[in-house]
Amino acid sequence: MSIDFDLRDGGIATITINRPERHNAMDPEHYSMLSEAWSRVRDDDDIRVAIVTGAGDKAFTAGADIKKVIAREIPMADTWKTQQDMLLNRGLEIWKPVIAAINGYCLGGGVTLMLATDIRVASADATFSVAEVKRGVIAGNGGTQRLIEQLPYPIAMEMLLTGEAIDAEQALRWGLINKIVPAAADTMPAALEYAERISRNAPLAVQATKELALRSRDVPRIVGFRLEQLVSRVLRNTEDAVEGPKAFSEKRAPNFRGR
């Protein structure tokens, strides 16, 4: 029972929700450990990209452990502790790319977590649902916000209001995931292939690109253009901006250092 963290060559971090006996459902302790893992991804300059997955071959994560989270009595004072145990899907800002390797059930808070990632690979038997309305609660931590952004309106509302599931083919058809692989065991290799391609790029440029893309949703277009221009000019003064063209002219792989 843990949140496992591994840092591979190339600056690829892997976060594994390790509670397969409960379909990787998360209780308060797991949420706290997951928060620590996300903070490490954000703050460690050696990390260029992260992958999040679930242990075993049945589930990515079933989201919150209903018995230990939903039924738990929460002190009213916690309502205003908005920065406590911050998560990727609860507003923690991580500009390094995050890939989801969805190896089975992706339910409730699992969908919410997936919606906060950038690239998603799913096994053919993956199932996606936000069934919180069937439990008397809502798809929190951004569920009602991101699903409506990332799916056509009627599809998102059908999922949110009925609580019924969609399969991997439907998720791919509506653009909720990038790729389907045959089995759960194939999700990590596919996710790693994406991660390796990303990690070879200039890390500062990658992070800037992600931030600008996400911020563009919240600012007027003219402001977005201006931010893009300013960030572009800042990046031109980095060592990586010198190394990239030099490596291209010398017909070799660039050695980006994030400087």
* Residues that are over 21 Å from Ile51 (Cα atoms) and among the charged types (D, E, K, R): which helices (runs of 4 or more DSSP H) entirely in the stretch 111-219 hold 1 or more of them? -> 143-150, 153-162, 168-173, 203-215
* Give me the pairs, please: first residue somewhere in the stretch 42-63 and not assigned by TED's automatic domain parsing to the domain that holds Leu107, second residue anywhere and outside any loop (DSSP other than H, G, I, E, B) and surrounded by fewer than 20 Cβ atoms within 10 Å (Cβ to Cβ), beta-carbon distance under 9 Å, and either six or more positions apart or on two chains. => none
* To do: Check whether at least one residue in the stretch 178-197 is in contact with a Lys or Arg (Cβ under 9 Å, 6 or more places away or on another chain) and without any contact (Cβ under 8 Å) to a residue 60 or more places away in the chain, and report yes or no.
  => yes
* Structure fact -> Asp125 passes all but one of the listed conditions (1) buried (at least 20 other Cβ atoms within 10 Å of the Cβ); (2) at pLDDT 95 or above; (3) farther than 25 Å from Arg217 by Cα; (4) not hydrophobic (A, V, I, L, M, F, W, C); the exception is number (1)
* Check off (1) crowded, with 17+ Cβ neighbours inside 10 Å; (2) among the small types (Gly, Ala, Ser); (3) not in a helix (DSSP H, G or I) for Ala253 and give me the number that stays unchecked. => (1)
* Taking the stretch 38-54 only, how many residues are out of contact with any Lys or Arg (no Cβ under 7 Å at 6 or more places or on another chain) and crowded, with 20+ Cβ neighbours inside 10 Å? -> 5
* Structure fact -> Expected single match for at pLDDT 95 or above and either surrounded by fewer than 19 Cβ atoms within 10 Å (Cβ to Cβ) or aromatic (Phe, Trp, Tyr) (or both) among Arg135, Arg200, Arg120 is Arg200
* Residues of the stretch 25-61 satisfying the condition of being of a type in the set (Asp, Glu) and part of a helix (DSSP H, G or I) -> Glu29, Glu36, Asp43
* List every residue pair whose Cβ atoms lie under 7 Å apart, where the two residues are 6 or more positions apart in sequence or sit on different chains, the first residue falls within the stretch 166-177 and is in contact (Cβ under 8 Å) with a residue 40 or more places away in the chain and at negative phi, and the second residue, located anywhere, is surrounded by fewer than 20 Cβ atoms within 10 Å (Cβ to Cβ) and among the hydrophobic types (A, V, I, L, M, F, W, C). => Ala168/Ala124
* the stretch 150-171, residues that are polar (S, T, N, Q) and farther than 21 Å from Arg217 by Cβ -> Thr162, Gln170
* **Conditions (1) among the hydroxyl-bearing types (Ser, Thr, Tyr); (2) over 15 Å from the mean Cα position of the chain (by Cα); (3) closer than 30 Å to Gly10 by Cβ: number failed by Thr117** => (2)
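The values are calculated or read from the model by the stated rules, or taken from the named source; none is laboratory data. Bear in mind that the values here come from a model prediction, so they are computed numbers and not experimental data. Cβ coordinates were reconstructed from backbone atoms using ideal geometry, including for glycine residues, and neighbour counts include every protein chain displayed.
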